[in-house]
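The values are calculated or read from the model by the stated rules, or taken from the named source; none is laboratory data. All figures in this text were calculated on a predicted structure; none of them were measured in a lab. Neighbour counts are summed over all protein chains in view; Cβ atoms, including those assigned to glycine, are modelled from backbone coordinates with ideal geometry. These area figures cover heavy atoms from the full protein model, side chains too; ligands, DNA and RNA do not enter into them. Shrake-Rupley method; radii C 1.70, N 1.55, O 1.52, S 1.80 Å.
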Amino acid sequence: MPAQGLVIDWAQMPTYNTVMSVAVGAGLILLVMLGRDLLRSPGKVVVEGWSLAFGVLGLILTATGLHMTLTWPLAAGGFPFDNIIFGETSLAFGVLLLAAAFYLWTRGRAALAREDATDHLRAVARPVSVFVLGMGLGLIAIAVAGVTYQLFAAPPEEPISGAFAAYPLVEAIFMSGLIALVGLGAILFPFALRDGAARGLRVVIGWAWGLAGVAFLLFGAMNFFTHIGLIVNTMG
């Protein structure tokens, strides 16, 4: 039976950070997998498959992130900071994935056929790494804000996550930690593209994005249940 406590007018408060979280998680995991394959055996990479995967995820994140970014506030009166935290970051990641998809589809085979394929790809990625660095710093700022203002706490009406409603720092630390992991990898990314960069930088980036990607993927999948439960329990 729906709870009789919190009531939300969901017509005025759309939410879809479920599919956004799954797409972000999948995108991070795929970036780590592609990076590993490029370093080990670039000649065996099937660029069309990676291009399609990045294109699918990029389209989802760009469309949802753009709508959330340009609709202010999307969460009508409830959580307007979601526009910044989820909308703007998803938009940035989505456009980056679309750019990667376009490059791999149009230039990927030729780039990987070069004798200096790895060096060439590093040179191609170097200019956009400035934006990646900036977004990484922004993610760290979001993580700090999440803990400082105890954001991300689910209401008690939300299944599973709502069990920690009385302890807002729990989910604040969890979500902020995931966001900070992605930010750390993004900050290190430009330095890993430098000639002679230490292998340890790539390892740290891989672990940071890989762990955060798995967590975002599983958390987003779980939220397909918890968010449905929250809507049912707060429809009034």
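Return the only residue of VAL19, VAL56 being in contact (Cβ under 8 Å) with a residue 40 or more places away in the chain and aliphatic (A, V, I, L, M).
VAL19
Looking at LEU52, LEU66, LEU39, just one residue is touching a Lys or Arg at 6+ places or on another chain (Cβ under 9 Å), surrounded by fewer than 20 Cβ atoms within 10 Å (Cβ to Cβ) and either more than 24 Å from GLU158 (Cβ to Cβ) or at pLDDT below 95 (or both), and that residue is LEU39. Cβ-Cβ contacts under 7 Å between residues 6 or more apart (or on different chains), taken from a first residue in region 181-193 that is closer than 21 Å to LEU38 by Cα to a second residue that is of a type in the set (Ser, Thr, Tyr) and in a helix (DSSP H, G or I), are listed as PHE189/SER129; PRO190/SER129; LEU193/SER129.
Residues are listed down the side, and each one gets a yes or a no for (1) assigned to a helix (DSSP H, G or I); (2) buried (at least 19 other Cβ atoms within 10 Å of the Cβ); (3) of a type in the set (A, V, I, L, M, F, W, C):
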position: ALA197; (1), (2), (3): no, no, yes
position: VAL203; (1), (2), (3): yes, no, yes
position: TRP209; (1), (2), (3): yes, yes, yes
position: ALA212; (1), (2), (3): yes, yes, yes
position: PHE216; (1), (2), (3): yes, yes, yes
position: ALA221; (1), (2), (3): yes, no, yes
position: HIS227; (1), (2), (3): yes, yes, no
position: LEU230; (1), (2), (3): yes, yes, yes
position: ASN233; (1), (2), (3): yes, yes, no
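Here is a check on your reading of the model: is PRO127 over 22 Å from LEU39 (Cβ atoms), out of contact with any Lys or Arg (no Cβ under 8 Å at 6 or more places or on another chain) and not acidic (Asp, Glu)? Outline the logic, then answer.
Working: over 22 Å from LEU39 (Cβ atoms): no; out of contact with any Lys or Arg (no Cβ under 8 Å at 6 or more places or on another chain): yes; not acidic (Asp, Glu): yes.
Criteria not met by PRO127.
Taken over region 146-179, the criterion of being aliphatic (A, V, I, L, M) and touching a helix residue (DSSP H, G or I) at 6+ places or on another chain (Cβ under 7 Å) is satisfied by VAL147, LEU151, ALA153, ALA154, ILE160, VAL170, ALA172, ILE173, MET175, LEU178, ILE179.
Figure legend. Inter-residue proximity from region 77-96: first residues more than 19 Å from LEU133 (Cβ to Cβ), second residues open to solvent by 70 Å² or more (accessible area, probe 1.4 Å) and not in a helix (DSSP H, G or I), beta-carbon distance below 7 Å, spacing 6+ or different chains. Indicated pairs: ASN83/TRP72. Mind checking which residues of region 83-105 are open to solvent by 60 Å² or more (accessible area, probe 1.4 Å), at pLDDT 95 or above and β-branched (Val, Ile, Thr)? Correct list: VAL95 only. The condition of being within 18 Å of LEU38 (Cα to Cα) and without any contact (Cβ under 8 Å) to a residue 40 or more places away in the chain does not hold for ARG109. GLU115 falls short on exactly one of the conditions (1) within 26 Å of VAL46 (Cα to Cα); (2) open to solvent by 50 Å² or more (accessible area, probe 1.4 Å); (3) not in a loop (DSSP other than H, G, I, E, B), and that condition is (3). Taking (1) assigned to a helix (DSSP H, G or I); (2) open to solvent by 20 Å² or more (accessible area, probe 1.4 Å); (3) of a type in the set (A, V, I, L, M, F, W, C) in turn, ALA153 satisfies each apart from (1).
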